Structure formats: structure tokens, C-alpha cells
Amino acid sequence: MELLIEIIQDIFFSAIAAIGFASISNTPFSAMKYCAFLAAIGHSLRFVMMESMEVHIIVAAAIAAFVIGVVAIPLAPKAKCPPETFSYPALLPMIPGMYAYRAVQGLVMCLSSSGEEAFMHYFYLMNYNGLTCIIVVAGMVIGVTMPIFVFKRIAFSATQNVTND
């Protein structure tokens with residue numbers, strides 16, 4: 001029951017965050033519901049994989065981003081927008097902010113450490129967190145764009161008015 005409540009909270013807050021990110025990137029108002037829907041699907045999927053199945057954040061984020069990309073393709077004609085319009089804001093709540101913060105924190109601690117042992121410890125933390133952050137973001141970008149490239153005819157035709165004369 002506790003996991004279900006956490007999943008519902010995750011769905012709600014990721015949808016709110018996606019709407020916020022969509023609003024600052026000039027996403028049409030009619031497409032914001034798709035941003036919220038995709039963020040809810042992707043973020044909750046990542047959450048469930050990490051919490052229940054103990055999947056690492058890199059793999060979980062890449063799979064969730066791929067699902068966002070796959071679901072965005074059939075929604076594009078309904079939204080009359082390219083799938084990128086609402087799939088990218090849906091990804092932003094999944095950015096691993098704590099890993100980025102800890103990488104910068106490790107860098108600061110490296111620069112302020114006095115001994116070699118402390119320096120190497122913080123250097124390790126900086127590299128681990130920084131690489132994790134970079135690989136998660138790269139996996140999300142690759143995961144969300146793969147379906148758009150595979151189904152480019154559908155994705156591209158979402159904003160085209162095709163008439164057969």
C-alpha cells in the first residue's frame with residue numbers, strides 16, 4: 001500500500017513538473033496535457049523499476065525515456081505537434097539533479113581538501129556522480145529520440161496537412 005501511495009505521488013509531481021517545464025518552453029497549451037501524461041508514465045516507470053526491481057538509474061531512465069518516445073509518436077497527430085514538443089518537457093523531471101549536485105560538491109571538496117587521501121576520495125565521488133549524471137542524460141536523449149527516428153514518417157506527418165488532389 002505504501003508503494004502505491006509513493007507511485008501516485010510520483011505520478012502527480014512529475015506531471016506538475018512537466019507542465020512547468022512545458023510552459024517555459026512555449027509548448028502549446030493544448031499539448032501540455034500530453035507532457036503531463038508522458039512525464040507521469042515515464043517517471044513512474046523509472047520509479048517502479050528502481051524501487052521494486054532494483055534496476056540502476058541509468059538503465060531505468062533509458063527505458064523510461066524510450067517508453068516516453070514510443071508513446072509520444074501516436075499522440076503527435078492528436079496534439080497536432082511534433083512529438084519532441086511534449087516528449088522533451090516530459091523528460092526534464094527525470095534529470096538526475098542529485099547526481100549533478102554531488103558531482104559539483106565533490107569538485108569543490110577536491111579543491112578545498114588538504115591531504116591526498118581526502119582529495120582522492122572526493123575525486124572519486126565527483127567522477128562517479130558526474131559520469132552517472134552524464135550517462136543518465138545521454139541514455140534519456142537516445143531513448144526518447146530512437147522511436148522518433150524509427151517512426152519518422154508518423155512523427156513528421158503530425159504537423160503536415162496532407163491532401164490528395
How many residues of segment 39-62 are assigned to a loop (DSSP other than H, G, I, E, B) and either under 11 Å from L91 (Cβ atoms) or among the polar types (S, T, N, Q) (or both)? The answer is 1
Log entry, pairs with first residue in segment 24-38 being outside any helix (DSSP H, G or I), second being among the aliphatic types (A, V, I, L, M) and surrounded by 13 or more Cβ atoms within 10 Å (Cβ to Cβ), beta carbons closer than 8 Å, six or more apart or on different chains, reads P28/A79
Expected output for segment 81-100 (first residue outside any helix (DSSP H, G or I), partner modelled with pLDDT of 85 or more, Cβ below 6 Å, 6+ apart or cross-chain) is C81/A31; P96/C133; P96/V136
Given the condition within 26 Å of M146 (Cα to Cα), of a type in the set (S, T, Y) and over 11 Å from the mean Cα position of the chain (by Cα), answer yes or no: does some residue in segment 104-114 qualify? no
Residue pairs within 8 Å by beta carbon, gap of at least six or interchain, first lying in segment 140-156 and within 12 Å of A76 (Cα to Cα), second modelled with pLDDT under 80, listed first then second, are I148/A155
Of the candidates V71, V67, V104, V55, the one satisfying the condition of being over 19 Å from M140 (Cβ atoms) and β-branched (V, I, T) is V104
Restricting segment 101-118 to residues that are among the polar types (S, T, N, Q) and in a helix (DSSP H, G or I), the one surrounded by the fewest Cβ atoms within 10 Å (Cβ to Cβ) turns out to be S112
Quick check on F21: is it under 11 Å from the mean Cα position of the chain (by Cα), part of a helix (DSSP H, G or I) and more than 30 Å from Y122 (Cβ to Cβ)?
no
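The values are calculated or read from the model by the stated rules, or taken from the named source; none is laboratory data. Just so we're clear, the structure is a prediction, and the values are computed from it rather than from any experiment. Reconstructed Cβ throughout: ideal geometry from the backbone, glycine too, with neighbour counts over all protein chains shown.
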